[in-house]
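The values are calculated or read from the model by the stated rules, or taken from the named source; none is laboratory data. What you see is a predicted model, and the numbers here were worked out from it, not measured in a lab. Using ideal geometry, Cβ is built from the backbone for each residue, glycine included, and neighbour counts are taken over all protein chains shown. Accessible surface areas use protein heavy atoms only, side chains included; no ligands, DNA or RNA. Shrake-Rupley method; radii C 1.70, N 1.55, O 1.52, S 1.80 Å.
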Amino acid sequence: MGWLTNWRRRRVLRKHRIDDALWQQATSRLRFIPQTPKMRQLSLLFLAEKQFVGARELEVTDAMRLSIAAQACLPVLELGLDWYAGFTGIVVYPGDFRVRRSEIDEHGVVHEWDDELAGEAMPGGPVVLSWDAAANDPEMNVVIHEFAHKLDMLSGAADGVPPLHVGMSRAAWLKAFADAYEGFCDAVERQRETWLDPYAAEHPSEFFAVISEAFFKDPAETRRRYPAVFDQLRLFYKQDPS
Ligand SMILES: [Zn+2]
């Protein structure tokens, strides 16, 4: 980003601040959010640069906006907001929402179906979230999940490999994730109880999004169960939440 963005950001930080009570209200239930000035500053910039839209007449309150902003900012706390450039919209539904899907198979036949979603990250477009899932589902963190997809998509299609930093080894990333993903899919296929949401077996990109949630929400356990993947995530996110 250029000097104009930097100037705007400095101006936002100079002229605005997040109300203490509002910050408490928005993050008190989110124990994994660091209570630091840096976290609050980044959340403030996020609010200034992103546009929230309520769907189905949902009124998006300041506390809702801030709660989403803080969770979205956690993965880029050490990377910076430029990693979320390229889209501004965040659409918030009151609950899960339906989307129409279609796919053309190898015989040229079009298949159509409805999906019920808690969140969606559109390539080049907005992030869509269910507020009910964001606020009340202890099994998942839909905000971190969808924003992890956004980071993944920065290097083209969502394939579980975001743009790696200089000094990181693509081979090490691929090996760590392929080993973990294979083992995980195997466990899901055998219908074993899994620590991560079985949804992570859908695709390598889902595995990356789901284990990114775990990395921030339950870092010690993620490190214990997936040490090689944890290491790669620590290098990519440039932070060690454990
Ligand atoms: Zn996903």
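Of the residues contained in the range 194-205, none is found to be aromatic (Phe, Trp, Tyr) and closer than 23 Å to residue 70 by Cβ.
Restricted to the range 123-242, the set of helices (runs of 4 or more DSSP H) holding at least 2 residues that are open to solvent by less than 40 Å² (accessible area, probe 1.4 Å), more than 16 Å from the ligand (Cβ to nearest atom) and in contact with a helix residue (DSSP H, G or I) (Cβ under 7 Å, 6 or more places away or on another chain) comprises 170-189, 227-237.
Considering the range 97-121, and only residues there that are open to solvent by less than 70 Å² (accessible area, probe 1.4 Å) and assigned to a loop (DSSP other than H, G, I, E, B), the residue that is nearest to residue 60 (Cα to Cα) turns out to be 118. Looking at 63, 48, just one residue is more than 16 Å from the chain's Cα centre (by Cα) and under 16 Å from residue 134 (Cα atoms), and that residue is 63.
Contact annotation: residue pairs with Cβ atoms under 9 Å, 6 or more positions apart or on different chains, pairing a residue in the range 120-131 that is over 15 Å from residue 99 (Cα atoms) and touching a residue at least 12 places away in the same chain (Cβ under 8 Å) with a partner that is open to solvent by 40 Å² or more (accessible area, probe 1.4 Å) and in a strand (DSSP E or B), are 131/93.
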